[in-house]
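J.: Here it is: the structure, laid out below.
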Amino acid sequence: MTSRLAVLFPGQGAYLPGVLADRARHFPKAVGILETIDAVAVEHGFEPVAPLVLERDAAPLDELLTTHSDQLDLAIYAINAAGFEIFSGLGLRADVLVGHSFGEFAALSAAGAVTVADVARMACTRTEAFRRAAPPEGGLLALDAPAWRTEHLVGLLDDPGLRLAIDNGPGQTVVSGPVASLRAAEGVATGLGFRATRLRAGYAFHNPVLQLAADIFRDSTADVRPAEPRIPVFSPILGRHVRTVADVREVITRNMLAPVRFYDAVLSLFRSGVTTFVEAGARQALTGIVRSSLPPSARALPLLPSRGDVKSIIATLDDAGLPVSWSPQPAPLGPDEAVEPEAQGSPRVVVASAQDSPPARVDVLTELATMYAEDLGFPVEMLSPDIDLEADLGVDSAKQIALFQRVRKQYGLAEPPAERRVRATTLEKIARLVEEQRR
């Protein structure tokens, strides 16, 4: 059986500020997608999202969830869609496309079944539907348990608002429901020895409690005119391939309510000969799920796990043996670049350095760089004061918390306010926090 390749499109949480900063401009189609999405956003009274994905100091995920949630769906879609254009622009082709939750819309647009403008409108309409329906406060709870155990747990609680929303594999399922229901589920799950983690989501997705919002969304998107996919699409919501216009419409209308059977989708594709999975969106949540769910013969690669340049993407694909064909084109300077003359008189592009740190902070920065380099396994010279641990290096939040606890012990600090610690994602910001806590 010939080996085949699937491209994955993540949903909730797949946002990283500035992840396309040094990448999108090299691919005209990716730039065109961002322009189209921004035009639709403005038309619907939303702020443009290109700055969120192109500027390194853009708002982080937690801030978007609390203060600019109306931009989040658009930003996630923009990253997914531009990521696929980067993948295609490197000369690679997908045999099948798979979206996860809201990511199914990105899979449909990449397949040509729905236009970029229509998906952008659907993202705006989806946000507006939530506003109009005003569903009860809810969210998602991830459990390190297989689906059959989670279904027993849901049945045991006998709560009509609680649902098994997502089956990601033997090691992770997600339940959704109102806040009180999730609190009860978390208590029972931890009591039984399962790890339970609240996910950063504003609503109880894939749950009938969103029925009114789903009805508003369905009516508002009735004028969307889908087409048959030009690239095969496998839908975890339908549990099968999307082949017809009616299938596309069903994915759109059921997306908010139906459970996501991602594990079944991945197994079906693997059994059909798909052995390579490339995640097109930000971070690498789906990459980890595939790696933990399938045998070692399956490969899962994140295209945009952290910020970086096109070379970092090519290196990942090259290490996996995927043939990249790309001729870099001259690109305009980015906002954080400057032209500096060489000694011989010819110009060269350099990245502008961060502002010099105050002298009193230099020793702390040096100590922090040594500590973090030792723990993370990076060369110490790589840990510059302004490099972002998550966005640039891919260090997840759990690891950052563990590292900061080591910093607290090192300097004898009290626990800072949670919001201050969460925003301290560079060594410069951590050093500043150390100084503040020492006073």
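All of the numbers you see were taken from the coordinates with simple rules; none came from a lab. Predicted model, so just to flag it, every value in this text is computed and none were measured. Don't worry about glycine lacking a Cβ; one is built from the backbone with ideal geometry, like all the others, and counts go over all protein chains shown.
J.: Straight distance only, please: which lysines reach the Cα of LYS311 with their own Cα at less than 24 Å, same-chain residues fewer than 8 apart left out?
T.: Result set, ordered by chain and number: LYS29.
J.: Next up: Using +1 on the beta carbon of Lys and Arg, -1 on that of Asp and Glu, and nothing else charged, what's the dipole of the range 138-199 about the Cα centre, debye to 20?
T.: Details: 5 positive and 6 negative charges, 31 e Å.
It comes to approximately 140 debye.
J.: If the cut-off is 27 Å between C-alpha atoms, which lysines fall inside it for LYS409, apart from same-chain ones fewer than 8 positions away?
T.: Straight-line reach from LYS409, under 27 Å: LYS399, LYS429.
J.: Rounded, prolate or oblate: which fits the chain when a ≥ b ≥ c are the square roots of the eigenvalues of the alpha-carbon gyration tensor, with rounded for a/c under 1.5 and prolate only if a/b beats b/c?
T.: Working: a/c = 1.61, a/b = 1.22, b/c = 1.31.
Oblate shape, in that a/c is at least 1.5 and b/c is the bigger or equal ratio.
J.: Suppose the chain between GLN211 and ASP144 were pulled fully straight at 0.36 nm per residue; how much longer would it get relative to their current alpha carbon spacing? Intermediate values should be presented prior to the final figure.
T.: Values: separation 67, 0.36 × 67 = 24.12 nm, distance 2.76 nm.
Using 0.36 nm per residue and subtracting the Cα-Cα distance, I get 21.4 nm.
J.: Then there's this: Cβ neighbours within 10 Å, averaged per peptide: list 227-237, 406-416 in order, most packed at the top. All intermediate terms of the calculation are to be shown ahead of the outcome.
T.: Values: 227-237: 20.0, 406-416: 13.0.
In decreasing order of mean packing, 227-237, 406-416 become 227-237, 406-416.
J.: Evaluate the distance, in nm, between pseudo-label points positioned 7 Å from the Cα of THR190 and of ALA414 along their respective Cα→Cβ axes.
T.: Using points 7 Å along Cα→Cβ, the separation is 2.5 nm.
J.: Tell me, what is the percent relative contact order of the range 359-438, built from C-alpha pairs under 8 Å that lie six or more residues apart? Each step should come with its number before you reach the end.
T.: Values: 56 pairs, mean separation 30.7, N = 80.
Normalised by residue count, the contact order of the range 359-438 is 38 percent.
J.: Can you give me the long-range amide H partners of ARG307? Hydrogens built in the peptide plane at 1.01 Å from N, cutoff under 5 Å, separation of 5 or more residues or another chain.
T.: Excluding prolines and chain starts, which carry no amide H, the hits are ASP392, LEU393, GLY394.
J.: Sort 8-15, 397-404, 25-32 for me by packing, meaning the mean count of neighbouring Cβ atoms within 10 Å per residue, highest on top. Intermediate values should be presented prior to the final figure.
T.: Details: 8-15: 27.2, 397-404: 14.2, 25-32: 17.6.
Ranking, from highest mean packing down: 8-15, 25-32, 397-404.
J.: For the chain, modelled as a Gaussian network with Cα springs under 10 Å, which listed residue fluctuates most, SER220, SER176, SER325?
T.: Maximum fluctuation in the GNM of the chain, among the listed residues, is at SER325.
J.: When a footprinting reagent is the concern and you count Cβ atoms within 10 Å, what order do TRP148, TRP326 take, fewest first? Don't skip to the end; give the middle numbers.
T.: On the way: TRP148 12, TRP326 16.
Fewest-to-most ranking of TRP148, TRP326: TRP148, TRP326.
J.: Decide, for the range 138-199, between rounded, prolate and oblate: order the square roots of the alpha carbon gyration tensor eigenvalues as a ≥ b ≥ c, take rounded if a/c falls under 1.5, and otherwise choose prolate if a/b is larger than b/c, else oblate. Spell out each step's value before the answer.
T.: Details: a/c = 1.32, a/b = 1.27, b/c = 1.04.
Here the range 138-199 falls in the rounded category.
J.: Treat every Asp and Glu Cβ in the range 97-161 as -1 and every Lys and Arg Cβ as +1, leave all other atoms uncharged, and give the resulting dipole magnitude about the Cα centre to the nearest 20 debye. Don't skip to the end; give the middle numbers.
T.: On the way: 5 positive and 8 negative charges, 65 e Å.
Result for the range 97-161 is approximately 320 debye, rounded to the nearest 20.
J.: State to the nearest 20 debye the size of the charge dipole of the chain about its Cα centre, where the only charges are +1 on K and R beta carbons and -1 on D and E beta carbons.
T.: Numbers: 43 positive and 54 negative charges, 229 e Å.
Value, rounded to 20: 1100 debye.
J.: While we're looking at this one, here's another question. At R0 = 41 Å, how high is the FRET efficiency between THR115 and LEU376 if r is their beta carbon distance? Nearest 0.05 is fine. Mind showing how you got there, number by number?
T.: Values: r = 42 Å, r/R0 = 1.03.
Efficiency, from the Cβ-Cβ distance: 0.45.
J.: Further question on the same structure: Relative to a virtual label point 7 Å from the Cα of ARG4 in the Cα→beta-carbon direction, which members of the range 278-309 show backbone nitrogen distances below 16 Å?
T.: So the set is 278, 298-299.
J.: Here's a follow-up. Calculate the FRET efficiency for GLU47 and VAL224 from the Cβ-Cβ distance with a Förster distance of 22 Å, rounded to the nearest 0.05.
T.: On the way: r = 23 Å, r/R0 = 1.05.
About 0.40, to the nearest 0.05.
J.: On to the next question. With point charges of +1 on the Cβ of Lys and Arg and -1 on the Cβ of Asp and Glu, referenced to the Cα centre of the range 26-79, which listed residue (ALA75, ALA58, ALA30) lies farthest in the positive direction of the dipole?
T.: Of the candidates, ALA30 comes out farthest on the positive side.
J.: So, one more: 7 Å from Cα along Cα→Cβ at both VAL179 and ARG423: what's the point-to-point distance in nm?
T.: Modelled inter-label distance: 2.2 nm.
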